[in-house]
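Enquirer: The structure's right below; bear with me while I get my questions together.
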Amino acid sequence: MLDVRLINSPAKPGDWNMAVDAALMESAERSGRATLRFYRWDEPTLSLGYFQTYASRAGHAASNASPLVRRSTGGGAIVHDCELTYSLTAPVTHPLAADAEAMYRLLHGALVDALAEWRVTASLCQQGSGCRPSEEPFLCFQRRSVGDVLLGGEKIAGSAQRRKRGAVLQHGSVLLQKSAAAPELMGLVDLTGRALSDHDLAAAWRQTLTARRKIQWQAEVLIPVEVERAAQLVDEIYGQTAWNLRR
């Protein structure tokens, strides 16, 4: 059995959410423990991929009024609103994190299994778009990469990964339904007509992960040192204009 810490976080601002993911990555290196965190956003928020320019957001009118945060991971912009967001942090020596592609396949494959419990037939994308980075659409969910989760040709889940100083962070989003801040994207509810809550999906996803890797979950909360470090990262990085407008 693999011991993995489980954290269910309440809705918070974008800078806090990104700071907590970074703090958990540092914590994973120190403690040797893996942590799966499910979290929400307190208002529709646009997160830019690390390499995207701030100026590029002007081309997406629907999200222009939303607050912005820059991720530490690459990829396209995401409007975080009607979705379930997760992060998995672990030391690079942990069985869940030893192989980058296997980590994607594990999380996304288990999500496909979880959706099947509602008779929703999703699949993993087998071929990327082949576009140059400069030619990719602004929004992550309009891009296609190998391993993305698709439903009827629509992308409903994607993830990004960062490895640094002996630890790995993988985080991603599952679109539940259309957002007024991204009306061009359809989620699970829109595509299937089924009412899937973030709580129910997270529970089912956790169960299918357990079936795939025999995981023993330890329900916990952030420890004080992680809270303090996240607050510091908000002040120094994720809440700073210099970070969010750096490109």
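The values are calculated or read from the model by the stated rules, or taken from the named source; none is laboratory data. Nothing here was measured: the structure is a model prediction, and the numbers come from that model. Here the Cβ positions follow ideal geometry from the backbone for every residue, glycine too, while neighbour counts run over all protein chains shown. Each accessible area value is taken on the protein alone, full model and side chains, heavy atoms only, with ligands, DNA and RNA left out. Shrake-Rupley method; radii C 1.70, N 1.55, O 1.52, S 1.80 Å.
Enquirer: At 1.4 Å probe size, with every protein chain present, just tell me what the per residue accessible area of the chain comes to in Å².
Expert: Details: 11030 Å² over 247 residues.
Ligands and nucleic acids excluded, the result is 45 Å² per residue.
Enquirer: Which one of S66, S27, S179 has the biggest mean-square fluctuation once the chain is modelled by GNM with Cα springs under 10 Å?
Expert: Comparing S66, S27, S179 in a Gaussian network model of the chain, the most mobile one is S66.
Enquirer: Apply 1/(1 + (r/R0)^6) to the Cβ-Cβ distance of K214 and A58, taking R0 = 45 Å, and write down the FRET efficiency to the nearest 0.05.
Expert: Numbers: r = 48 Å, r/R0 = 1.06.
Efficiency computed from Cβ-Cβ geometry: 0.40.
Enquirer: Which value at 222 nm does the chain reach when only helices count, each DSSP H run of 4 or more adding -39,500 (n - 2.57), with the total divided by all residues and rounded to the nearest 500 deg cm²/dmol?
Expert: Helices in the chain give a 222 nm mean residue ellipticity of -8500 deg cm²/dmol.
Enquirer: So, one more: Give me the percent relative contact order of segment 1-63, please, defined on Cα pairs under 8 angstrom at least 6 residues apart.
Expert: Normalised by residue count, the contact order of segment 1-63 is 43 percent.
Enquirer: With the Cα gyration tensor of segment 169-247 giving a ≥ b ≥ c as the square roots of its eigenvalues, does the rule (a/c under 1.5 for rounded; else a/b larger than b/c for prolate; else oblate) give rounded, prolate or oblate?
Expert: Oblate is the answer for segment 169-247, as a/c is 1.5 or above yet b/c matches or exceeds a/b.
Enquirer: Here's a follow-up. Using the Karplus curve 6.51 cos²θ - 1.76 cosθ + 1.60 with θ = phi - 60°, what ³J(HN,Hα) values do you get for each residue of segment 31-40, in whole Hz, with x for Gly and Pro?
Expert: For segment 31-40, the Karplus curve yields 8, x, 9, 9, 9, 9, 10, 9, 8, 10 Hz.
Enquirer: Want the number for R119 to V146: 0.36 nm per residue separation, take away the alpha-carbon distance, what's left? Kindly include the intermediate steps, with their values, before the conclusion.
Expert: On the way: separation 27, 0.36 × 27 = 9.72 nm, distance 2.32 nm.
Result: 7.4 nm gained on full extension.
Enquirer: Sequence-distant or interchain residues sharing an amide H contact under 5 Å with K178, placed H: which?
Expert: Those lying under 5 Å, H to H, from K178 are G187, D190.
Enquirer: How compact is segment 102-247 by the rule of thumb for globular proteins, expressed as Cα Rg over 2.2 N^0.38 Å?
Expert: In units of the globular-protein estimate, segment 102-247 measures up at 1.19.
Enquirer: Shifting gears a bit: Which residue, chosen from A98, A181, L2, occupies the Cα position most advanced towards the positive end of the dipole of the chain, where the dipole is computed from +1 (Lys, Arg) and -1 (Asp, Glu) charges on Cβ about the Cα centre?
Expert: It is A98.
Enquirer: Principal axes first, then extents: for the Cα atoms of the chain, list largest minus smallest coordinate on each axis, whole Å, largest first.
Expert: On the principal axes, the chain reaches 45, 45, 32 Å in Cα extent.
Enquirer: Report the local net charge at W243: Lys and Arg +1, Asp and Glu -1, summed over other residues whose C-beta lies under 12 Å from its C-beta.
Expert: +1
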